[in-house]
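Colleague: The structure follows.
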Amino acid sequence: MKIVKYIVYPFALLYGLIVTVRNLLFDIRILRSHRFPVWVISIGNLSAGGTGKSPHAEYIARLLENMTKSYENLELTFDKISILSRGYGRINKGFLLVNNTSNAKEVGDEAMQLKKRLNDVYIGVDGNRVRGIHILLSLNPQLRMIILDDGFQHRYVKPDLSILLTNYNIPFYKDELLPAGRLREPRFGYKRAQFIIVTNVPPNITDVEKKLVLKNINPKPGQKVFFSSIIYQPLIPVFKGNYPVPNINKNCSVLLLTGIANPDSIYRYMEEIAGNVIHIPFADHHFFQSSDIAKVMKAFNAIANPNKVIITTEKDSVRLQLGNLMNDFGIAPVFYLPILVKVHEEKDFEDAIIASLNPLNPNKPIGKLVK
């Protein structure tokens with residue numbers, strides 16, 4: 001593996017140079033960043049996936065809705081908050097508004113997952129974020145807040161608050177540029193963010209361990225760093241039916257089916273609670289075919305333990321619900337494991353959002369933000 005890394009390293013340097021020049025063109029305003037008359041919060045990362053952008057977009061949307069009491073003369077309800085995603089992996093282009101009849105092929109799995117969790121939120125997909133924001137505002141002039149899911153590299157939009165995510169297990173300061181590593185841009189790009197959230201943190205992380213992470217990040221003056229953890233929720237059937245929810249314990253065997261960028265966290269969690277875990281991974285955003293399910297069922301049927309179950313992620317579940325894949329599973333119990341994220345320093349995080357969004361621009365229609 002090290003030999004391959006050395007071979008591709010020159011390509012990583014060239015890629016880094018191209019990205020650096022692009023960012024410089026934005027910094028010196030040769031390339032234009034657009035501002036909007038509503039609050040824009042960008043959530044993104046330096047790496048190619050695996051930090052939990054969509055769950056954090058959901059978390060922040062819910063947090064904002066619950067922060068209504070912190071605003072003066074404003075009811076910031078879900079119908080005034082929108083999330084704009086690029087709709088990665090979908091089969092079409094342009095802007096689409098996600099609704100209850102959409103599917104993952106049309107709008108992407110992440111946008112579909114968000115819509116299922118946040119039904120009252122306006123969720124749009126568009127690779128052109130500037131166009132997407134204009135269309136969202138034309139569709140709903142009452143919007144007051146737009147969250148960009150995976151917006152850190154989309155510099156044609158100038159956010160009012162930029163939040164960078166980095167995975168605790170694969171932090172950006174230990175990673176390399178593509179294709180030698182997983183970084184989309186050089187490490188020093190972290191300086192553009194106002195907030196950094198270290199994700200996938202063990203719930204029992206110590207203060208000493210947090211200080212070590214802070215030392216490695218080396219935040220610039222005024223840059224705030226927070227820590228978040230995954231909270232696993234009760235299992236939910238992937239397909240409609242009267243499936244009894246299994247009790248996952250050391251007497252249970254789990255076949256874990258994933259098609260996400262970084263399945264390490266869910267795999268470790270399953271190993272902690274189940275007696276035996278067989279993992280069948282696919283590429284991130286993979287659209288499952290009948291041949292894939294045949295492979296899964298062959299492995300599942302080979303498990304001798306009668307107390308067994310197939311478990312997948314919520315993001316994968318919206319792709320498994322496409323077509324007639326349900327029939328390929330037969331009577332096998334197939335469940336997904338929902339997750340929530342929680343910032344450890346939630347009150348400080350809320351206060352920091354309020355402070356960061358206090359308007360310098362009186363044209364913002366949101367009104368004055370106050371404690």
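Colleague: Name the single residue, out of those in the range 34-66 being touching a helix residue (DSSP H, G or I) at 6+ places or on another chain (Cβ under 6 Å) and either aliphatic (A, V, I, L, M) or part of a loop (DSSP other than H, G, I, E, B) (or both), that is modelled with the lowest pLDDT.
Modeller: Ranking the candidates gives F36 first.
Colleague: Anything in the range 236-263 that is surrounded by 14 or more Cβ atoms within 10 Å (Cβ to Cβ) and outside any strand (DSSP E or B)? List them, or say none.
Modeller: So the first thing to find is which residues in the range 236-263 are surrounded by 14 or more Cβ atoms within 10 Å (Cβ to Cβ), and the list is 237-239, 243, 246, 248, 252-263.
V238, F239, Y243, P246, I248, C252, G259, I260, A261, N262, P263, listed by residue number.
Colleague: May I pose another question? So the check is Cβ under 6 Å with 6+ separation or different chains; which pairs have a first residue in the range 149-174 that's within 14 Å of I217 (Cβ to Cβ) and a second one that's part of a helix (DSSP H, G or I) and hydrophobic (A, V, I, L, M, F, W, C)?
Modeller: T166/F172
Colleague: Okay, moving on. Checking Y15 against (1) part of a helix (DSSP H, G or I); (2) open to solvent by less than 50 Å² (accessible area, probe 1.4 Å), which single condition isn't satisfied?
Modeller: Tallying (1) part of a helix (DSSP H, G or I); (2) open to solvent by less than 50 Å² (accessible area, probe 1.4 Å), Y15 fails exactly one: (2).
Colleague: Hey, another quick one. Within the range 117-136, count every residue that is at pLDDT below 95 and outside any loop (DSSP other than H, G, I, E, B).
Modeller: Count: 2.
Colleague: I would also like to ask the following. Test I146 against the criterion of being under 25 Å from G16 (Cβ atoms) and crowded, with 21+ Cβ neighbours inside 10 Å, and give yes or no. Let's see the steps before the verdict.
Modeller: Working: under 25 Å from G16 (Cβ atoms): no; crowded, with 21+ Cβ neighbours inside 10 Å: yes.
Taking the combined requirement at face value, the residue does not satisfy it.
Colleague: I want to confirm something. Restricting to the range 67-103 and keeping residues that are open to solvent by 20 Å² or more (accessible area, probe 1.4 Å) and part of a helix (DSSP H, G or I), which single residue is modelled with the lowest pLDDT?
Modeller: K69
Colleague: Which of the residues belonging to the range 175-204 are under 20 Å from V343 (Cβ atoms), open to solvent by 10 Å² or more (accessible area, probe 1.4 Å) and in contact (Cβ under 8 Å) with a residue 60 or more places away in the chain?
Modeller: If we filter the range 175-204 for residues that are under 20 Å from V343 (Cβ atoms), which is where we start, we get 190, 193-204.
Remaining after also requiring open to solvent by 10 Å² or more (accessible area, probe 1.4 Å): 190, 194, 200, 202-204.
Of everything in the range 175-204, those that are under 20 Å from V343 (Cβ atoms), open to solvent by 10 Å² or more (accessible area, probe 1.4 Å) and in contact (Cβ under 8 Å) with a residue 60 or more places away in the chain turn out to be Y190, Q194, N200.
Colleague: How many of the residues making up the range 148-188 are hydroxyl-bearing (S, T, Y), more than 18 Å from the chain's Cα centre (by Cα) and either closer than 27 Å to P10 by Cα or outside any loop (DSSP other than H, G, I, E, B) (or both)?
Modeller: To start, the set of residues in the range 148-188 that are hydroxyl-bearing (S, T, Y) comprises 156, 162, 166, 168, 173.
Now drop any that are not more than 18 Å from the chain's Cα centre (by Cα), which leaves 156, 173.
In the following step, the residues that additionally are either closer than 27 Å to P10 by Cα or outside any loop (DSSP other than H, G, I, E, B) (or both) were identified as 173.
Looking only at that region, the number is 1.
The values are calculated or read from the model by the stated rules, or taken from the named source; none is laboratory data. Remember, it's a predicted structure, so these values are computed and weren't measured experimentally. No Cβ is skipped: glycine too gets one built from the backbone with ideal geometry, and neighbour counts run over all protein chains shown. For the accessible areas, the whole protein counts, side chains as well, though only heavy atoms, and no ligand, DNA or RNA atoms are used. Shrake-Rupley method; radii C 1.70, N 1.55, O 1.52, S 1.80 Å.
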